[in-house]
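To keep things clear, I will list the structure first and then write my remarks on it.
The values are calculated or read from the model by the stated rules, or taken from the named source; none is laboratory data. Bear in mind the structure is a predicted one, so any value in this text is a computation, not a measurement. Using ideal geometry, Cβ is built from the backbone for each residue, glycine included, and neighbour counts are taken over all protein chains shown. Each accessible area value is taken on the protein alone, full model and side chains, heavy atoms only, with ligands, DNA and RNA left out. Shrake-Rupley method; radii C 1.70, N 1.55, O 1.52, S 1.80 Å.
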Amino acid sequence: MTSMPRDFARPTLRIFKTAEMASTAVADLLEQRMVAKPDITIGLATGATPRLVYTKMVERAGAPSWRSVRCFNLDEYVGLDASHPASFAYYMNDLLFDHVDVDPRRTHIPDGTALDLEAAAKAYEALISETGGIDLQLLGIGRNGHIGFNEPGSEHDSRTRQVELTPSTIAANAPDFPEGEEPPATALTMGIGTILDAREIVLLATGPAKAEALYAALEGPVDLDCPASALRKHSAVTVFCDEAAAARLKRDNLSFTGDGYAAA
Ligand code: F6R
């Protein structure tokens, strides 16, 4: 196997002492981008990691306004609709959409209840491009390096589609489900290619459980084994993380700024 070509981009890395500081910095960046472009299209992630970002955006609700913002979520479980407490639609309503002035007609989540999932996936892709594409995509990272629900092995040019979740992802997400209820085995997710089409990407990683995945994504080979390594094919990625998630990263070109380390 050949090693990765040297011309892959190095994402901008910002390491903060705590998850709270990293989340505040992401909220600040979102706010800046929303002020600069009130009709911005934002790609949103769910999961434990961005919760604090959404809390901070709700605290700032009204300034900036979400009225003209369009949102596309990364993924949704197959078979769950917005009434299911573990669905990503429920999560988004509960943590963000119900508390800001967003227009519900401008919030989009893959339809995991569609009878024809392939058609729903194609329609999602079409809607993203017809509405001008994603300006800023927010991502978390799975312990196995997944982004969206693009598990290891996903092609870097993959598009929105139905995917099978790995046993480790199902186990990681099981606590979100009512006791005794098995999480779905499949989901609809934007593809890695869909994610890489965003004009700017922000990845937030916090906690020691993400240290290995972040190391593989930023310093391992760019390959299908670590889906997040594909982000090095994009020229405008910023990784926000806390010390715990950054534990294995080199800090050669970083300098301490007060809040944490950033590119010199
Ligand atoms: C969520 C998503 C996933 C999560 C990842 C990390 O929409 O697409 O890629 O970002 O599984 O999840 P947490 O933050 O719960 O560790």
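Couple of notes before you dig in:
- Solvent-accessible surface (1.4 angstrom probe) belonging to His234, in square angstrom, nearest 10: 20 Å²
- Antiparallel %, DSSP beta bridges [both residues in the chain], to 5: 40 percent
- Cubic angstrom per residue, convex hull over Cα atoms of segment 187-232: 97 Å³
- The Cα-based radius of gyration and maximum Cα-Cα distance (Dmax) for segment 103-227 are 15.1, 42 Å.
- Cβ charges +1 (Lys, Arg) and -1 (Asp, Glu), total dipole of segment 131-264, debye: 420 debye
- Rounded accessible area of Asp111 (nearest 10 Å², 1.4 Å probe): 70 Å²
- For the chain, the solvent-accessible area works out to 45 Å² per residue, with a probe of 1.4 Å and every protein chain left in place.
- Each peptide among 225-231, 139-145, 167-173 gets the average number of other Cβ atoms lying within 10 Å of its residues, and from highest to lowest they stand as 225-231, 139-145, 167-173.
- Length-normalised contact order of the chain in % [C-alpha pairs under 8 Å, at least 6 apart]: 26 percent
- Just the protein heavy atoms count here, and of the accessible area of the chain at 1.4 Å, carbon and sulfur take up 51 percent.
- 10 Å-binned pair-distance histogram of the chain (Cα, whole percent): 7, 31, 38, 20, 3, 0
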